[in-house]
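Since the structure comes first, as structure tokens, the remarks are kept for the end.
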Amino acid sequence: MFDYQKIDDTDITGEAPVTEPERQYYFMKKCRMWAEEEGKRLGRRLTLSMQTMGCQMNARDSEKLEAVLSYIGYGTVEDTVADFILYNTCTVRENANLKVYGRLGYMKNQKKKNPQMKIAMCGCMMQEPTVVEKIKKSYPFVDMIFGTHNVYKLAEILFTQIQSGRMVIDIWQEAKEVVEDLPSIRKYPFKAGVNIMYGCNNFCSYCIVPYVRGRERSRKPEEILREIRGLAEDGVKEVMLLGQNVNSYGKTLEVPMNFAELLREVNKIPELRRIRFMTSHPKDLSEELIQAMAECDKVCTHLHLPLQSGSTGILKKMNRRYTKDDYLALVDQVRDKLPDISLTTDIIVGFPGETEEDFEETLDVIRKVRYDSVYSFIYSRRTGTPAAAMEDQVPEDVVKQRFDRLLTEIQSISREITDRKVGKIEEVLIEEINDHDPSLITGRLSSNAVVHCPASEDCIGEIRRVKLTESKGFYFMGELQTD
Ligand code: 5AD
Ligand code: SF4
């Protein structure tokens, strides 16, 4: 657990320290004093509304941001209107950007009604200069804009905004240091995401991530292990090791350590029960890692292995650096060592130049691999990426039709796979009360599949044996075992 006393003990009478994280402690305490006054003026506690889009990395950043704001004095509310509005944005596909502009349009009137409201924008979308220009021009009521490399500076940015009363923009093109020892909250007391690396060096030709999240940087193994040990001692049973490309973990460290070695170290932490990781690039999935997965009893029986396309020609244009045959051979190798593994994948439909034959190759891989589930995306043209300038963008109606065909195929395979598991008893981490039916709880198998079963909320956070009684295609209904 983070020791908040460190912030309380910070001397704020002089200038701000130059070193991190002490500098941020200073600004957190300064902001807290301001928030106390502001709360008195309004006669109530200040409120915070956070909206997080996109991937697990953003979700993790949001936990860090929320912890800082919570220390300052903001209480999180479910409402979309509050004293502090924070949008942590995603820009992987264009529709996420459009949604953000829609929300900002709505906030304009809200801010007129509540001028004390502070609006902050952060995340991947803010790393695009055209986005920042547009916000400056069309949404001048936004108070703070910062990017993906300086999330830890929120308190300093807020303090600068309070003092200046103007829009504060702080975007870095590249990350500087990995700042450790900052507060963070956790959405669940029994499972947690842990960053092991930031950024990506792969430059897949469709993808904007390397431009907005910068080059690969790994956290030191001792920092990662210290964090996970602390989490496990605190009751966390499952960790998800997070990185854009975890298979190339450790390459930038002074004392190199690879991902397989890290996994073995995490596996030794006594109180921990389950280990997951995301995301693996097929070109970097080593035999050593497969071996480590097989030998580490806590590593879950799930591997997310993004294919993107089954056509070797398209894969080349995507700059994925593997062929269809390489991928299929890798899957064989994985299944050979890990016969119970559940495989999931990402597919992009309608990459520039994708022909009917190329698409058939994708379907062919899907039929051969038989994934437990597939996350499929319609290709989205991202300005600045090499693919955006490619000729032969596929017409929308063709893409839509292929996308529907893909979904039909995926559904029938997933159903067949879930059907086969009915009757089995599996270990399940019970996570929450079911959204739609409060007499049910929802949990996850080691394979990451979801199961709902009748039980009381007392079992939340426990790993229990559950009999899978019925398959619903993508998920199961089950019965809690009493033993
Ligand atoms: N268009 C559509 N999907 C994309 N992805 C990344 N960039 C794009 C894009 N421009 C998908 C990939 C990746 C997942 C996280 O998002 O499938 O694996
Ligand atoms: Fe994007 Fe490719 Fe990096 Fe994944 S590996 S973040 S798809 S560039």
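Every number here is computed from the coordinates shown, using simple stated rules; none is lab data. None of these values were measured; they are calculated from a predicted model. Don't worry about glycine lacking a Cβ; one is built from the backbone with ideal geometry, like all the others, and counts go over all protein chains shown.
Quick one: what are the phi-derived ³J(HN,Hα) couplings along segment 211-220, Karplus 6.51/-1.76/1.60 with θ = phi - 60°, whole Hz, x for glycine and proline?
Using θ = phi - 60°, the values come out as 7, 9, 10, x, 6, 4, 9, 9, 6, 5 Hz.
Could you pull out which residues in segment 204-225 have an amide N less than 14 Å from a spot 7 Å beyond the Cα of residue 177, following the Cα-Cβ vector?
220
Test of understanding: what is the full-extension gain from residue 436 to residue 13, defined as 0.36 nm times their sequence separation minus their Cα-Cα distance?
147.1 nm
With label points built 7 Å along Cα→Cβ from the Cα atoms of residue 283 and residue 408, find their separation and express it in nm.
Result: 3.5 nm between the two label points.
Using a 7 Å offset from the Cα along the Cα-to-Cβ direction at both residue 427 and residue 482, what is the distance between the two label points in nm, to one decimal?
2.3
Residue 368 label point, 7 Å along Cα→Cβ, cut-off 19 Å on backbone N: hits in segment 394-417?
Once the point is set 7 Å along Cα→Cβ of residue 368, 406, 409-410, 413-414 turn out to lie under 19 Å by backbone N, inside segment 394-417.
Rounded to the nearest 500, what is the chain's calculated 222 nm mean residue ellipticity when only DSSP H runs of at least 4 contribute -39500 (n - 2.57) each, over all residues?
Mean residue ellipticity, 222 nm, calculated: -11500 deg cm²/dmol.
What is the distance in Å between the Cα centres of segment 238-295 and segment 442-483?
Segment 238-295 and segment 442-483 have Cα centres separated by 27 Å.
So which GluC sites (Glu not before Pro) in segment 160-239 pass both tests, a DSSP loop state and at most 14 other Cβ atoms within 10 Å of the Cβ?
Taking segment 160-239 and a limit of 14 other Cβ atoms within 10 Å, the loop GluC sites (Glu not before Pro) found are 174, 177, 180.
Have a look at 293, 322, 309 and report the one farthest towards the positive end of the charge dipole of segment 277-335, computed about the Cα centre with Cβ charges (Lys/Arg +1, Asp/Glu -1).
Positive-most Cα among the choices belongs to 309.
Between the helical axis of 221-233 and the dominant principal axis of the chain, each derived from Cα atoms, what acute angle in degrees is found, rounded to the nearest 10?
90
Charges at C-beta only: +1 for Lys and Arg, -1 for Asp and Glu. How large is the resulting dipole of the chain about its Cα centre, in Debye rounded to 20?
With only Lys, Arg, Asp and Glu charged at Cβ, the dipole is about 1240 debye.
Pull out the extension gain between residue 59 and residue 166, defined as 0.36 nm times the separation in residues minus the alpha carbon to alpha carbon distance; nm, one decimal. Walk me through the numbers before you get to the answer.
Working: separation 107, 0.36 × 107 = 38.52 nm, distance 2.78 nm.
Gain on extension, residue 59 to residue 166, equals 35.7 nm.
Between residue 291 and residue 400, how high is the FRET efficiency from 1/(1 + (r/R0)^6) when r is the Cβ-Cβ distance and R₀ = 60 Å? Nearest 0.05. Show your work: numbers first, answer last.
Values: r = 42 Å, r/R0 = 0.71.
Working from the Cβ atoms, E equals 0.90.
Let me know the charge dipole size of segment 341-459 about its Cα centre in debye, to the nearest 20, where only the beta-carbon of Lys, Arg (+1) and Asp, Glu (-1) is charged.
In total the dipole reaches around 220 debye.
Once the Cα atoms of helix 154-164 and of the chain are each reduced to a long axis, what angle between those two axes, in degrees from 0 to 90 to the nearest 10, is obtained?
The two axes meet at around 40 degrees.
If we count other beta carbons within 10 Å of each Cβ, what is the order of 466, 422, fewest first?
Final ranking by Cβ density, sparse to dense: 422, 466.
Under a plain spin-label model, where a point goes 7 Å from the Cα along Cα-to-Cβ, how far apart in nm are residue 36 and residue 377?
Between residue 36 and residue 377, the simple spin-label model gives 4.6 nm.
Using the Cα centre of segment 269-337 as the reference point, and only Cβ charges (+1 on K/R, -1 on D/E), how large is the resulting charge dipole? Debye, rounded to the nearest 20.
For this selection, approximately 420 debye.
Compute the label zone of residue 3 within segment 181-198: residues whose backbone N is under 16 Å from the point 7 Å along Cα-to-Cβ.
Zone members listed by number: 181-184.
Give the cysteines in the chain for which no other Cys Cβ lies under 4.7 Å away, or write none if there are none.
Lacking a cysteine Cβ partner under 4.7 Å: 31, 55, 90, 122, 124, 200, 296, 300, 453, 459.
What is the angle, in °, between the Cα long axis of helix 396-421 and the longest principal axis of the Cα atoms in the chain? Nearest 10 is fine, range 0 to 90.
70
Return the long-range amide H neighbours of residue 431 (sequence gap of 5 or more, or a different chain), with a cut-off of under 5 Å between placed amide H atoms.
Correct list: 442, 443, 444, 461.
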